[in-house]
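Below: the structure, in C-alpha cells.
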Amino acid sequence: MAGVDVGDVELEFPCPTCGGTAKAAIEAVRMLPVLDCPACGQRFGVDLEAFSAQVTQAEAAAKAARKRRKA
C-alpha cells in the first residue's frame with residue numbers, strides 16, 4: 001500500500017524448534033529473514049508466506065488508523 005510505512009512495526013515469529021517467540025521489526029526481516037530464538041538460541045528462517053500476510057495486516061491496520069485520524 002503506497003504511503004503506509006510499517007517498517008518499524010514489530011511482529012512475532014514462532015520458533016519451529018521450541019515454539020518460543022522471536023520478535024523483529026518488519027524492516028529488519030525484509031533485510032534479513034533469519035532470526036535467533038531467544039528461548040532456545042536456534043537460528044531459523046522466517047516463513048515468508050506467513051510474513052507477507054502479517055505485513056499486509058499491519059499495512060491495513062495502519063491505513064485504517066490513518067483514516068480514523070483524518071475523520
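The values are calculated or read from the model by the stated rules, or taken from the named source; none is laboratory data. Just so we're clear, the structure is a prediction, and the values are computed from it rather than from any experiment. Every residue, glycine among them, receives a Cβ derived from its backbone with ideal geometry; neighbour counts consider all protein chains shown.
Numerical summary
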{"quantity": "Residue count, the stretch 22-70 (criterion: surrounded by fewer than 14 Cβ atoms within 10 Å (Cβ to Cβ) and in a strand (DSSP E or B))", "calculated": "5"}
{"quantity": "Tabulated pairs, the stretch 25-48, first closer than 15 Å to Glu10 by Cα and among the basic types (Lys, Arg), second modelled with pLDDT under 95 and surrounded by 13 or more Cβ atoms within 10 Å (Cβ to Cβ), C-beta under 6 angstrom, 6+ apart or interchain", "calculated": "none"}
